[in-house]
Amino acid sequence: MDHLILRVTTKLMFAPIILFGFYVQFHGDFGPGGGFQAGVIFAVAFILHAFCFGLEETKKVLPQKALTVLMVIGFLFYAGTGVVTMLLGANFLAYDALVPNSTHHAGQHYGIILVEWGVGVAVAATMLTIFYHFTGREPDIDQEDW
Amino acid sequence: MTEFETVFSPIIFLDLALLTMLFLVAIAMLRSRHLFGVVMLSGIYSLLSAAFFVSLDAVDVAFTEAAVGAGISTVLMLSGMLLTARREKPKTPGRAPVALLAVLATGAALFYATIDMPAFGDPNSPANSAVGQDYVDRAAGEIPMPNIVTSILASYRGFDTMGEVMVIFTAGVAVMLLLGVGSMRGGRRVSDIEADDAADNGKAE
């Protein structure tokens, strides 16, 4: 697409949106936010890219194959944290086992950060997968067609 | 246990204004036949309910509603709309007295049930006094994080949240199976006409 203003705005907005996603991801322990919201914000950055430059360009940046792998990795990151705590001798997802000698339950903090990261990756990859599949069905529509 | 009394605060006017706008947007969505307008109105509806959640002090829910409801759902609805018509087919209005009666009776029953509901913010209500109070009491000592919502979501209810991630994952896989036929044909880019021709040629040989 050849809209100069849209192209410059998208280029300006892309990095701050990703940065805001990371802020929401890792600040979820202290304020509103967390993996679900952050995952959606990550996905939105790439959707903005697709709206401006076209879906084919976005697929060069982040191909569907990578998204499929990321979807699985995200979920396995979550479940894997549970398996690790089981291997350390505690219950499934009992994070205290991660740092057993802590006096202030530091294991809970580590566990929650790991789990939320899994949620964020899985949600972002799934949202983009759904978007790719819906949008990739039909050729781009004309400006006048709206 | 002391009796809880709702304090009157001017915030109630804000709530009323937001709820009125939600109601009007919902009516507008029902009456419009232009699907693009309906999708945009549903985004506005989500944003208004996010504002309403903020006024109820549920910032985490409001954030999720704004990101998922107003943001990504609107985009997905728009891209879904591209696969279908732009306008809803006009429907011939017919009368359905049984349905109207059922809706009116259910609505009346729901209104009647709100009389027994505890007041907003009542600490003695079942939702706040039993498990909720237990989490509030224990979280400060057991989990070193200020946001109690994250503590409950990721630690106390960690297994539930894993189920939610599984639900999202399943939705993605379902969409891939339904719409991503390319991968099922060996990953090649094939248009339906070519595929039909190929099938016909196979039969002829």
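The values are calculated or read from the model by the stated rules, or taken from the named source; none is laboratory data. Since we're looking at a predicted model, the values are computed, not measured. Glycine gets a Cβ as well: all are built from the backbone with ideal geometry, and neighbour counts include every protein chain shown. Just so you know, the surface numbers come from the protein's heavy atoms only, side chains and all, with ligands and any DNA or RNA stripped out. Shrake-Rupley method; radii C 1.70, N 1.55, O 1.52, S 1.80 Å.
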Among (1) part of a loop (DSSP other than H, G, I, E, B); (2) under 20 Å from B:A154 (Cβ atoms), where does A:D96 come up short? (1)
Number of the condition not met by B:P123 [criteria: (1) under 25 Å from the mean Cα position of the chain (by Cα); (2) under 30 Å from B:E5 (Cβ atoms); (3) more than 10 Å from chain A (Cβ to nearest Cβ)]: (1)
I need the full set of residues from the stretch A:43-73 which are open to solvent by 30 Å² or more (accessible area, probe 1.4 Å) and within 10 Å of chain B (Cβ to nearest Cβ), in order please. A:V44, A:L48, A:F51, A:Q64, A:K65, A:T68, A:V72
Considering residues of the stretch A:82-93 that are farther than 14 Å from A:G118 by Cβ and part of a helix (DSSP H, G or I) only, the residue least open to solvent (accessible area, probe 1.4 Å): A:M86
If I ask for residues that are touching a helix residue (DSSP H, G or I) at 6+ places or on another chain (Cβ under 6 Å) and either more than 10 Å from every other protein chain (Cβ to nearest Cβ) or over 22 Å from B:T170 (Cβ atoms) (or both), which ones from the stretch A:74-88 would you list? A:T85, A:L88
How many residues does the stretch A:108-139 contain that are in contact with a Ser or Thr (Cβ under 7 Å, 6 or more places away or on another chain), more than 12 Å from A:G74 (Cβ to Cβ) and of a type in the set (A, V, I, L, M, F, W, C)? 3
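Might you let me know whether the stretch B:79-98 holds any residue that is modelled with pLDDT of 90 or more and aliphatic (A, V, I, L, M)?
Yes, the stretch B:79-98 contains a residue that is modelled with pLDDT of 90 or more and aliphatic (A, V, I, L, M).
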Taking A:G31 as the residue in question, decide whether it is more than 16 Å from A:W117 (Cβ to Cβ), open to solvent by less than 60 Å² (accessible area, probe 1.4 Å) and at the interface with chain B (Cβ under 7 Å from one of its Cβ atoms). yes
Test B:A50 against the criterion of being out of contact with any Lys or Arg (no Cβ under 8 Å at 6 or more places or on another chain) and modelled with pLDDT of 85 or more, and give yes or no. yes
Identify, by number, the condition in (1) open to solvent by 70 Å² or more (accessible area, probe 1.4 Å); (2) more than 30 Å from B:I143 (Cα to Cα); (3) in contact with a Gly (Cβ under 8 Å, 6 or more places away or on another chain); (4) modelled with pLDDT of 90 or more that A:D140 doesn't meet. (4)
Look through B:L41, B:L30 and report the one residue that is without any contact (Cβ under 8 Å) to a residue 40 or more places away in the chain and open to solvent by 80 Å² or more (accessible area, probe 1.4 Å). B:L30
Taking the stretch B:129-154 as the region of interest, how many residues are within 14 Å of chain A (Cβ to nearest Cβ) and not hydrophobic (A, V, I, L, M, F, W, C)? 9
Could you say whether any residue in the stretch A:91-99 is free of Cβ contacts under 8 Å to residues at least 12 places away in the same chain and either touching a Lys or Arg at 6+ places or on another chain (Cβ under 9 Å) or not aliphatic (A, V, I, L, M) (or both)? yes
Is it true that some residue in the stretch B:65-75 is within 14 Å of chain A (Cβ to nearest Cβ), open to solvent by 70 Å² or more (accessible area, probe 1.4 Å) and modelled with pLDDT of 90 or more? no
List the number of the failed condition for B:A62; all other conditions in (1) surrounded by 18 or more Cβ atoms within 10 Å (Cβ to Cβ); (2) over 20 Å from A:V40 (Cα atoms); (3) in contact with a Phe, Trp or Tyr (Cβ under 7 Å, 6 or more places away or on another chain) hold. (2)
